[in-house]
Amino acid sequence: MKCHICGEIMQKTKGSYVYRESGLDNVVLTGITIYKCSCGEKMPEISNIDGLHRVIANALVKKKTPLSGKEVRFLRKQIGLSAKELAAVLGVNPVTVSRWENEIELIGPANDKLIRMLYIQMIQERCHTVIKDSILYMKSIKPKDRQKPSKIFIPISSIKNDPCLSFA
């Protein structure tokens with residue numbers, strides 16, 4: 001594969017890759033094929049971006065700390081709602097959703113949990129199944145534990161084509 005920056009041939013390796021293309025700074029793909037160029041350019045080989053995004057969303061739903069603004073935006077997009085639509089569902093002003101997503105204002109614990117439950121509900125409807133332990137996920141969130149979002153490690157082998165299998 002040729003580098004799109006300098007045109008040189010890129011070297012194929014396996015390793016870890018910080019997947020900032022998702023809009024999140026804390027997602028690390030492990031065991032992934034990466035093409036590296038002598039100019040410093042890196043390109044991951046991702047064959048199933050939709051599956052990857054489902055796995056990331058599932059990890060966000062299960063995390064024990066409050067959602068960051070970028071994580072709220074990621075889940076909102078996975079649910080398929082505009083910021084205005086999410087605001088209407090939650091009964092808040094669209095400006096509030098914008099403030100959460102731009103990290104001007106912290107999301108409250110109730111709305112954090114509601115956004116996670118909206119994602120779970122969407123998966124349940126698409127898959128005609130029930131997600132077990134969703135109440136336990138919500139109970140495990142520590143609302144006072146606000147910190148920089150911790151790294152989320154996603155083994156590339158965990159990405160599947162079937163959205164119904166990706167919540168395991």
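I need the phi-derived Karplus couplings for segment 78-89: 6.51 cos²θ - 1.76 cosθ + 1.60, θ = phi - 60°, integer Hz, Gly and Pro marked x.
Using θ = phi - 60°, the values come out as 5, 5, x, 10, 6, 4, 5, 5, 4, 4, 5, 5 Hz.
If you fit an axis through the alpha-carbon atoms of helix 109-127 and take the longest principal axis of the Cα set of the chain, what angle between them do you get, 0 to 90°, nearest 10?
Approximately 70 degrees, to the nearest 10.
So for each of 120-133, 53-66, 90-103 I average, over its residues, the number of other beta carbons within 10 Å; can you give me the resulting order with the highest mean first?
53-66, 90-103, 120-133
Listed here are the pairs K36/K70; K14/K142; K12/K64; K36/K139; K14/K151; which of them are more than 31 Å apart at the Cα?
K14/K142; K12/K64; K36/K139
Quick one, what does Rg over Rh come out to for the chain if you take C-alpha atoms and the Kirkwood Rh?
Result: Rg/Rh = 1.02.
Can you list the residues, at least 5 places off or on another chain, whose amide H is less than 5 Å from the amide H of I154, using H built in the peptide plane?
Residues meeting the criterion, in which the H sits 1.01 Å from N, are V28, L29, T30.
Do any chymotrypsin sites (Phe, Trp or Tyr not before Pro) in segment 1-69 lie in a loop, going by DSSP, with at most 15 other beta-carbon atoms within 10 Å of their beta carbon, and if so which? List each step's numbers first, then the result.
Details: sites: Y17, Y19, Y35; in loops: Y19.
Taking segment 1-69 and a limit of 15 other Cβ atoms within 10 Å, no loop chymotrypsin sites (Phe, Trp or Tyr not before Pro) are found.
With the other protein chains left in place, how much accessible area per residue, in square angstrom, belongs to segment 36-78 at a 1.4 angstrom probe?
Using a 1.4 Å probe on heavy atoms only, each residue of segment 36-78 averages 42 Å².
Hey, how much of the P(r) for segment 58-105 falls beyond 17 Å, as a percent of Cα pairs? Please list the in-between numbers first.
Numbers: 337 of 1128 pairs.
Cα-Cα pairs of segment 58-105 separated by over 17 Å account for 30 percent.
The values are calculated or read from the model by the stated rules, or taken from the named source; none is laboratory data. Computed from a predicted structure; not experimentally measured. Note that we place each Cβ from the backbone using ideal geometry, even for glycine, and neighbour counts take in every protein chain shown. The area values use the complete protein model at the heavy-atom level, side chains included, leaving out ligands, DNA and RNA. Shrake-Rupley method; radii C 1.70, N 1.55, O 1.52, S 1.80 Å.
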